Amino acid sequence: LNLHNAEFIRSAVKTADFPADGLPQIVFAGKSNVGKSSTINKILNRRNFARVGGQPGKTIHINFFSIDKQAYFVDLPGYGYAKVSKTERDRWAGLLETYFTSGLITLGLQIVDIRHKPTADDKTMADCFLGTGQPFAVIANKWDKIKKSELEGNVARIRETLLLPEEVPVIPFSAEKGTGRDEILALIEEHIAA
Ligand code: GDP
């Protein structure tokens, strides 16, 4: 898989916009500011591919990126941003539900902050992924921000809070340093090949 051959395809706002060519779709979800854009950029070794920073929660579309014409990276809108209006939140939920029931998801990747106990919104998102019955993993980002001694306990707290089944991996990762990138890449390649 040539990760350099990545291009933006489109922002989907309705079902008809979802690519339906049968290529695997690798889906990234996460609370605003958790480092979702940074994670996608780090995996692709790009600096400004997926947008970093800016106004959290503003985008309610789903962004599709083609990776080497062999798969899609799917960037779901960041959730949990308090300042978004109820109308926007309902639109977000509607679009998300449409996508999650589309049967298009090959592998779900949810990004959480390794420092914190996952929120109720994180739990809802994990349940959405688990509900698809498709392969799912949690990326515990900002690994560089904790002490070595905190790793095991923080990962266990993520597992327990999200009620993750045993087969769902929690992968410690730093989008800043790149630590954990190989494990994520291996998982992605495994599911694209399958
Ligand atoms: P998004 O809203 O989830 O797309 O988050 P961004 O990718 O825009 O990142 C939010 C902030 O967290 C930015 O200031 C990033 O530089 C920072 N950030 C993201 N990942 C990491 C990480 O692994 N370590 C550290 N220290 N900072 C990170």
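The values are calculated or read from the model by the stated rules, or taken from the named source; none is laboratory data. Keep in mind it's a predicted model, so treat the numbers as computed, not measured. All Cβ positions, glycine included, derive from the backbone under ideal geometry; neighbour counts span all protein chains shown.
Are any of the residues in segment 143-151 crowded, with 17+ Cβ neighbours inside 10 Å, closer than 22 Å to residue 186 by Cβ, out of contact with any Asp or Glu (no Cβ under 6 Å at 6 or more places or on another chain) and at pLDDT 95 or above? Walk me through it before giving the result.
Applying the first criterion (crowded, with 17+ Cβ neighbours inside 10 Å) to segment 143-151 yields 143, 146.
Still in the list and also closer than 22 Å to residue 186 by Cβ: 143.
Then keep just the ones that are out of contact with any Asp or Glu (no Cβ under 6 Å at 6 or more places or on another chain); that gives 143.
With the extra rule that they be at pLDDT 95 or above, the set shrinks to 143.
Among the residues of segment 143-151, at least one is crowded, with 17+ Cβ neighbours inside 10 Å, closer than 22 Å to residue 186 by Cβ, out of contact with any Asp or Glu (no Cβ under 6 Å at 6 or more places or on another chain) and at pLDDT 95 or above, which makes the answer yes.
Does residue 69 count as modelled with pLDDT of 85 or more, among the charged types (D, E, K, R) and part of a loop (DSSP other than H, G, I, E, B)?
Numbers: modelled with pLDDT of 85 or more: yes; among the charged types (D, E, K, R): yes; part of a loop (DSSP other than H, G, I, E, B): yes.
Against the criterion (modelled with pLDDT of 85 or more, among the charged types (D, E, K, R) and part of a loop (DSSP other than H, G, I, E, B)), residue 69 qualifies.
Based on what the data block shows, is residue 167 within 30 Å of residue 93 (Cβ to Cβ), assigned to a helix (DSSP H, G or I), out of contact with any strand residue (DSSP E or B) (no Cβ under 8 Å at 6 or more places or on another chain) and modelled with pLDDT of 95 or more? Full working, then the answer.
Working: within 30 Å of residue 93 (Cβ to Cβ): yes; assigned to a helix (DSSP H, G or I): no; out of contact with any strand residue (DSSP E or B) (no Cβ under 8 Å at 6 or more places or on another chain): yes; modelled with pLDDT of 95 or more: yes.
Spelling it out, it is not the case that residue 167 is within 30 Å of residue 93 (Cβ to Cβ), assigned to a helix (DSSP H, G or I), out of contact with any strand residue (DSSP E or B) (no Cβ under 8 Å at 6 or more places or on another chain) and modelled with pLDDT of 95 or more.
One residue alone among 11, 32 is buried (at least 17 other Cβ atoms within 10 Å of the Cβ) and among the hydroxyl-bearing types (Ser, Thr, Tyr), and that residue is 32.
Of the numbered criteria (1) within 17 Å of residue 128 (Cβ to Cβ); (2) crowded, with 19+ Cβ neighbours inside 10 Å; (3) in contact (Cβ under 8 Å) with a residue 60 or more places away in the chain, the one residue 75 fails is (3). State all residues of segment 17-43 that are more than 12 Å from the ligand (Cβ to nearest atom) and on the phi > 0 side of the Ramachandran plot; if no residue qualifies, say none. Once the filter is applied, which keeps residues that are more than 12 Å from the ligand (Cβ to nearest atom) and on the phi > 0 side of the Ramachandran plot, segment 17-43 yields only 22.
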